[in-house]
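Undergrad: To start, I am sharing the structure in question, which I have written as structure tokens.
The values are calculated or read from the model by the stated rules, or taken from the named source; none is laboratory data. All values reported here derive from a predicted model rather than from experimental measurement. Cβ: placed from backbone, ideal geometry, glycine included. Neighbour counts: every protein chain shown. SASA here: full protein model, heavy atoms, side chains in, ligands and nucleic acids out. Shrake-Rupley method; radii C 1.70, N 1.55, O 1.52, S 1.80 Å.
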2 protein chains.
Amino acid sequence: MCGIVGVIGRDDATQVLLNGLEKLEYRGYDSAGVYVNDQNGHDYLVKRVGRIKNLEAALTPEIQGSIGIGHTRWATNGAPTEANAHPHVSNDGRFYLVHNGVVTNAQTLRQEYLTDVELHSSTDTEVVVQLIALFAQQDGLDAKAALRKTLKLVEGSYAFSLVDRNQPDALYVAKNKSPLLIGKGDGFNVVASDALAMLDVTNQFIEVKDEEIVTLTKTDITIENLAGTQIQRNAFTVKMDAADLGKGTYPFYMLKEVDEQPVVMHRLAEKYLDAKGNVVLPADLLDALKQADRLYIVAAGTSYHAGLVGKPLFEQLAGIPTEVVLGSEFGYHMPMLSKKPMFIFLSQSGETADSRQVLVKTKALGYPALTITNVGTSTLAREADFALELYAGPEIAVASTKAYTAQIGVEALVAKALGTAFNQPAAKQFDVAHQLALAADGQQALIDQKEHLHDLAKDMFATTRNAFFIGRGTDYFVSLEAALKLKEISYVQAEGFAAGELKHGTIALIEDNTPVVAFITDPVTAEHTRANGQEVQARGGKVLHIAAHDLAKDGDELVIGDIDPLLSPLVTIVAGQLLAYYTSYDRGYDVDKPRNLAKSVTVE
Amino acid sequence: MCGIVGVIGRDDATQVLLNGLEKLEYRGYDSAGVYVNDQNGHDYLVKRVGRIKNLEAALTPEIQGSIGIGHTRWATNGAPTEANAHPHVSNDGRFYLVHNGVVTNAQTLRQEYLTDVELHSSTDTEVVVQLIALFAQQDGLDAKAALRKTLKLVEGSYAFSLVDRNQPDALYVAKNKSPLLIGKGDGFNVVASDALAMLDVTNQFIEVKDEEIVTLTKTDITIENLAGTQIQRNAFTVKMDAADLGKGTYPFYMLKEVDEQPVVMHRLAEKYLDAKGNVVLPADLLDALKQADRLYIVAAGTSYHAGLVGKPLFEQLAGIPTEVVLGSEFGYHMPMLSKKPMFIFLSQSGETADSRQVLVKTKALGYPALTITNVGTSTLAREADFALELYAGPEIAVASTKAYTAQIGVEALVAKALGTAFNQPAAKQFDVAHQLALAADGQQALIDQKEHLHDLAKDMFATTRNAFFIGRGTDYFVSLEAALKLKEISYVQAEGFAAGELKHGTIALIEDNTPVVAFITDPVTAEHTRANGQEVQARGGKVLHIAAHDLAKDGDELVIGDIDPLLSPLVTIVAGQLLAYYTSYDRGYDVDKPRNLAKSVTVE
């Protein structure tokens, strides 16, 4: 999982690559590197471990070129060292390659073709670039032909960008499963894993499909399949509001993005509701949903937690049975499906590889799919039959906040629309506009209590090594997400639990002052969850109660505003997000860029 | 969650209570106490924090009586102190009460009736005994009448046993939701939470149903409902092989129980298969299963993990869609059910309160239920339409081992029987007798490698504060269970993960030498799981590979014998159990009786 960029036809190639890599840092930041060539006999390869800023510091003024490729890495094979950083170069010094993905048969290829070749890294990518060089030399092939021959052997996922030092007048790119977009300029062309990386220089993009090779020159873009047949494809325009991208006076993007959530709730109402408060969905999407006998929500990580909240929404408002599954499990061990399933893919980036492999399989089976994503131009959005946007604006912090609440908001809107189409009484009674407004108010009330939440974070988590979050019903789902937030950015070993399950084993971990956060917003089980809190307290644990206004008792440390229990995670998670934020902040971590993580997970 | 005992008509009442409490220690051991009365003017109340042995040490020779009650506690309300230990006594010194369960309206009752009464503990139980005394005094009621009046006000769960010091010629007991059995003797009678506690003195037992009051004298047993109407009920005989109960030369029961698993596999084949190798189930059970359109497996903790393994068994062998749900969540937030659901309750003890509340609700809805349990006389077995036994023999260690593998074995047998009834080709090909034999062989091979597993446990977990277990498919399910074992007895904060999910956030917790155990027994995803292991290693994590023979690679630390991937948890979990055992053992913990836990969880 990594980000790649490439450019040809710009005298400021180094700066274009660097700007692009900075935008791609969400895809990983274990190491970074660039190769540039001035097409006049000078070229430079620079790689550094760690963030883009380390690479930037190493780029002295003479490092200029008019063609180049760049890479930011999230380590899958081999440690994050300089040797393992991209671009990789063939032993003859001729070919430079960057790669996003995992070549699964690299060891086999190495044993078959490269036993005489000395390798300098432990990456699958170096195997590929050495193969290209081998075929070019051995068979007298040019760069494109050598690349094509190599691609026919390679298994797995990749987005490649290749430069031939002997003929630096073209950039060769290819993809399979990993994302890649071509950007069309005036007298130059670019390539990147994400449009975001190149929005500074163009807004015209061309899609690349699996198993295609594209040759970019200053002026031309040529797309071919692996058999060598040329393919015509038009460019499309990407619009993005550049103002959304600054973090302004916030110390970290995450805090800004937490604060934006009430605005996102209002924006969803504005985008999806008509003047009468009816949810407006494309008619063909609504038809497809109506024909389904069961919904399957496919997701991973935080999106999976948002999906869990969707199940009771769809079942109770629309009366349609709903299952929520992990993409990485579902794709390889598909359970028995209903007769007319419909798939809903939840992914903030729309690039999650674990979900995409499911989409490929469900499409092959002929089942309809809807993607709900924050990036309308993403792979999952393009490849599904239907796509709905989250309208959360760019989310830069690696730990997702506003995209999670937006996902729940869109699920509620779709469930309401479907329930209305089915004339379900529960849907009629569920005033989604009012609920989104209540959510925004409840979120804002917590955002306005930042100092109190900072104090609670200090009190509960300042030095702890572990923590638990418990609740029942939707409070259970939000417990999972609150625990993940704390894990991701503060490295506290936190676990979310169905409150009733804790005593079935895990309560053995409760010691004096072990922090336990109890969410209590569900009237049916509030007393049971409180009893589970008492079991923890009886063993020395320290319980922080976060209760709905109507269920609150004296001594509850945090009370949230009223909202339908089906949607309480929209509000309670803001407390979880802020507790995690302040814990990470107080420990001195880089809140926006936690170790080991990447924002968009584009490997399985 | 606690255990209670009571006796009347035995001169050695103290010893009878003590023996019974020792057998009930699996239900909790935060504190223990007895009250005995010699019916001749002498009585004694002794309570101690901690294990039964602390209480035993405090019982000097003069503490004798012919009627008495005893209690071992798992703290739900209030810390495990002597003040909170049972029996509780009314302020006038007249009534002594032991209680298993949770009175949910204790605070309300206290505010309504007891504002003038000083309480000496923070338990719900003391509220009840003070209420009994209040009504006896205020309304001039005898013990039974005061108890009845109190029970009409009490909400929640309880098994009570009460002695009136002024008239110590009877023992009064009552139950609601919590388990309780009357034992019938010759010239004496006893009462206990579990037949096990009284098998030393009788094998004749009488069931008590919810909201009944029973009066025991030396010679008589009188059952009444809350309205005072007498009820006739016959005794039944409980047979248990006393030889199963010794731990012999093993340092801990857990190790003995791990070692017994191959025998249990063979015993299941012997009990459930006929001479031709066909699974024999009661005809009416098979009919009920055949009529269902969807199975719901309801469980908690380790049983839930066994249930997860059941889903692909039932779906692939019998072609029936199956859902696995947590009792504590399902009972209060029931999802949309299919038209003809059938419920399968998995519970080692058959007393799990979280599952029982679901059974009460599904019975009320008219749906059929099968209980699979190790205790054929348990509440869940008695109350379900059908019951199947695990035949694992008594499991004494709190951490379940052989009951878990037996649960999976019985699921496989039932799935095979149902698939055969449906003429499913997959069921025909699945030779369950052969697979159980392979499981026994694979288990035995690991049991024979104890020293190697001890070394691996030292190498991986000697000083770690956290750990991860990863896998895909059934390897994911066994990861959850292996993590729970390590948590329960060694207090390491372990988590089981779907291998593909780790990178969606939790990988942030990987540091140098963080232990990660990877289960690799599924051919479809073996390479993916290995790739996830490499992602962990790239960040400094230390990976222990446990691989199936056919999928093993050089360097894998542990290789298991061949078995169908559907049943691989039967073997792989033995590695997980032994890793957990040796980690706990090396840290010097009481392996069989981990802190904070009870074997049977009889509160919600």
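Undergrad: Quick one: putting +1 on the C-beta of Lys and Arg, -1 on the C-beta of Asp and Glu, what dipole do you get for region A:449-590 around its Cα centre, in Debye to the nearest 20?
TA: Charge dipole of region A:449-590: 380 debye, to the nearest 20.
Undergrad: Any idea of the total accessible area buried by the B-A contact, 1.4 Å probe, rounded to 100 Å²?
TA: Summed over both sides, the interface buries about 6000 Å².
Undergrad: With every protein chain present, what accessible area does B:ARG148 have (1.4 Å probe, heavy atoms only), rounded to the nearest 10 Å²?
TA: 50
Undergrad: Now for a different question. Quick check on the protein assembly as shown: what does the Kirkwood estimate of hydrodynamic radius come out to from the alpha carbon pairs, in Å?
TA: 32.1
Undergrad: Can you give the accessible area per residue of the protein assembly as shown, in Å², using a 1.4 Å probe?
TA: Value returned for the protein assembly as shown: 33 Å² of accessible area per residue.
Undergrad: Roughly how far apart, in whole Å, are the Cα centres of region A:339-381 and region A:262-292?
TA: 19
Undergrad: Within chain A, what percent of beta bridges assigned by DSSP are antiparallel, to the nearest 5?
TA: The antiparallel fraction comes to roughly 60 percent.
Undergrad: Per residue, how much space in cubic angstrom lies within the convex hull of the C-alpha atoms of chain A?
TA: Per-residue hull volume (Cα only) is 160 Å³.
Undergrad: Could you pull the copy-to-copy label distances for B:ALA445, with points set 7 Å along Cα to Cβ, in nm to one decimal and sorted shortest first?
TA: 6.1
Undergrad: As an exercise, take the mean of 1/r over every pair of distinct alpha carbons in region B:20-112, invert it, and state the Kirkwood radius in angstroms.
TA: 14.0
Undergrad: Next up: At a 1.4 Å probe radius, carbon and sulfur cover how many percent of the accessible area of the protein assembly as shown?
TA: Result for the protein assembly as shown: 47 percent of the exposed heavy-atom area is carbon or sulfur.
Undergrad: While we're on this one: Quick one: Cα centre-to-centre distance for region A:485-531 and region B:297-329, in angstrom?
TA: Region A:485-531 and region B:297-329 have Cα centres spaced 24 Å from each other.
Undergrad: When all C-alpha to C-alpha distances in region A:8-60 are sorted into bins of 10 Å, what percent of pairs does each bin hold, rounded to whole numbers?
TA: 24, 55, 19, 1
Undergrad: Can you give the translational diffusion coefficient of region A:365-411 in µm²/s, computed by Stokes-Einstein from the Kirkwood radius over Cα pairs at 25 °C and 0.890 mPa s?
TA: 217
Undergrad: What angle, in degrees between 0 and 90 and rounded to the nearest 10, separates the Cα long axis of helix B:261-272 from the longest principal axis of the Cα atoms of chain B?
TA: Here the helix axis deviates by roughly 80 degrees.
Undergrad: Next question, about the same structure. When the helices in chain A are scored as -39500 (n - 2.57) per DSSP H run of 4 or longer and the sum is shared across all residues, what 222 nm value do you end up with, to the nearest 500 deg cm²/dmol?
TA: One gets -11500 deg cm²/dmol as the mean residue ellipticity at 222 nm.
Undergrad: Semi-axes of the equivalent ellipsoid of region A:3-241: what are they in whole Å, largest first, if each equals the square root of 5 times a C-alpha gyration tensor eigenvalue?
TA: 24, 21, 17
Undergrad: Find the Rg to Rh ratio for region B:449-590, where Rh is the Kirkwood radius over alpha-carbon pairs and Rg uses the same atoms.
TA: That ratio is 0.93, to two decimals.
Undergrad: How long are the semi-axes of the ellipsoid equivalent to region A:311-359, from square roots of 5 times the Cα gyration tensor eigenvalues, in whole Å, largest first?
TA: 21, 15, 8
Undergrad: Sorted by accessible area (1.4 Å probe), largest first, how do A:ILE396, A:ILE67 line up?
TA: Sorted by accessible area, descending: A:ILE396, A:ILE67.
Undergrad: I would also like to ask the following. With both bridge residues required to lie in the protein assembly as shown, what share of the DSSP beta bridges run antiparallel, to the nearest 5%?
TA: Percentage antiparallel, nearest 5: 60.
Undergrad: How large is the Kirkwood hydrodynamic radius of region A:67-186, in angstrom, based on all distinct alpha carbon pairs?
TA: When all Cα pairs of region A:67-186 are included, the Kirkwood radius is 14.4 Å.
Undergrad: Hey, what did chain B get for relative contact order, percent, Cα under 8 Å, at least 6 apart?
TA: Averaging sequence separation for qualifying contacts and normalising by length gives 12 percent for chain B.
Undergrad: For region A:246-447, I need the span (max minus min coordinate) of the C-alpha atoms along each principal axis, in Å, sorted largest to smallest.
TA: Principal axes ranked by extent give 51, 38, 24 Å for the Cα atoms.
Undergrad: Next question, about the same structure. Quick one: angle between helix B:432-447 and the longest Cα principal axis of chain B, in degrees between 0 and 90, rounded to 10, please.
TA: 90
Undergrad: May I ask you to derive the relative contact order of region A:3-241, considering only C-alpha pairs under 8 Å and at least 6 residues apart, and to give it as an integer percent?
TA: Averaging sequence separation for qualifying contacts and normalising by length gives 20 percent for region A:3-241.
Undergrad: Same structure again: Compute the angle between helix A:569-586 and the longest alpha-carbon principal axis of chain A, please, reported from 0 to 90 degrees and rounded to the nearest 10.
TA: 60
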